[in-house]
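*Asks:* This is the structure, below, for whatever I ask next.
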Amino acid sequence: MNWEKARGFWIEEAEEAPNVAEHLFDKRDFSYSLFYGHLAVEKLLKAIYVTRKKDQAPYIHLSNRVAEFAEVLLTSDQADELLRISAFNLESRYPDENRTFRKKCTHEFTKAELLKIRNMYQWLKSML
């Protein structure tokens with residue numbers, strides 16, 4: 001396995017996701033905007049994993065576990081933040097019958113969550 005190529009792949013993927021999240025936000029597709037925000041963080045964590053371990057990233061989607069495997073030290077607040085961000089993965093793609101999450105994703109809620117995602121993303125990016 002060429003770990004440098006894998007690292008480049010995950011970085012490129014991570015850099016595209018925030019643009020998609022912003023585009024979806026502008027189009028008022030708020031729940032999927034958060035889904036792509038989640039992808040940005042997850043893919044950046046996989047880039048960190050590959051960089052540190054020089055091995056293929058794990059095939060999991062729970063960002064806290066990827067962070068743990070990559071030996072990213074998280075505060076309690078950061079761990080909680082990652083759990084919430086990871087939840088956007090399932091909540092966006094598999095809504096309940098009442099579409100509860102999608103109703104929760106107002107302009108204001110999504111804007112605030114995207115800001116938190118951007119802050120997490122920038123912090124993680126500083127590790128590369």
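*Asks:* For the Cα atoms of the chain, what angle does the longest principal axis make with the long axis of helix 107-125, in degrees from 0 to 90, nearest 10?
*Replies:* Its long axis makes an angle of about 10 degrees.
*Asks:* List the pair-distance distribution P(r) of the chain, using every Cα-Cα distance, as the percent of pairs falling in each 5 Å bin from 0 up to the bin containing the longest distance, rounded to whole percents.
*Replies:* 2, 12, 22, 23, 18, 12, 7, 3, 1, 0
*Asks:* Against the longest alpha carbon principal axis of the chain, how many degrees, from 0 to 90 and to the nearest 10, is the axis of helix 3-26 turned?
*Replies:* It is inclined by approximately 10 degrees.
*Asks:* Can I ask one more? Taking the solvent-accessible surface of protein heavy atoms with a 1.4 Å probe, what is the per residue accessible area of the range 1-111 in Å²? Write down the numbers at each step before the final one.
*Replies:* Working: 6460 Å² over 111 residues.
Accessible area per residue, the range 1-111: 58 Å².
*Asks:* Right, next: The range 31-83: which trypsin sites (Lys or Arg not before Pro) are DSSP loop and have at most 16 other beta-carbon atoms within 10 angstrom? Let's see the in-between values first.
*Replies:* Working: sites: LYS43, LYS46, ARG52, LYS53, LYS54, ARG65; in loops: LYS54.
In loop regions of the range 31-83 (DSSP not H, G, I, E or B), the sparsely surrounded trypsin sites (Lys or Arg not before Pro) are LYS54.
*Asks:* Considering only DSSP states other than H, G, I, E and B, which GluC sites (Glu not before Pro) in the range 1-103 qualify as loop sites with at most 12 other Cβ atoms within 10 Å? Display every interim value, and only then the final one.
*Replies:* Working: sites: GLU4, GLU12, GLU13, GLU15, GLU16, GLU22, GLU42, GLU68, GLU71, GLU81, GLU91, GLU97; in loops: GLU71, GLU97.
Of the GluC sites (Glu not before Pro), the ones in loops of the range 1-103 whose Cβ has at most 12 other Cβ atoms within 10 Å are GLU71, GLU97.
*Asks:* So, R0 is 41 Å and r is the distance between the beta-carbons of ASN98 and ASN119; what FRET efficiency does that work out to, to 0.05?
*Replies:* Numbers: r = 31 Å, r/R0 = 0.74.
In this case the efficiency is close to 0.85.
*Asks:* Once you put a point 7 Å from the Cα of LYS54 and another 7 Å from the Cα of ALA79, both along the Cβ direction, what distance in nm separates them?
*Replies:* 3.0
The values are calculated or read from the model by the stated rules, or taken from the named source; none is laboratory data. Remember, predicted model here, so these are calculated numbers, not experimental data. Cβ coordinates were reconstructed from backbone atoms using ideal geometry, including for glycine residues, and neighbour counts include every protein chain displayed. We work out accessible area using only protein heavy atoms, side chains counted, and drop any ligands, DNA or RNA first. Shrake-Rupley method; radii C 1.70, N 1.55, O 1.52, S 1.80 Å.
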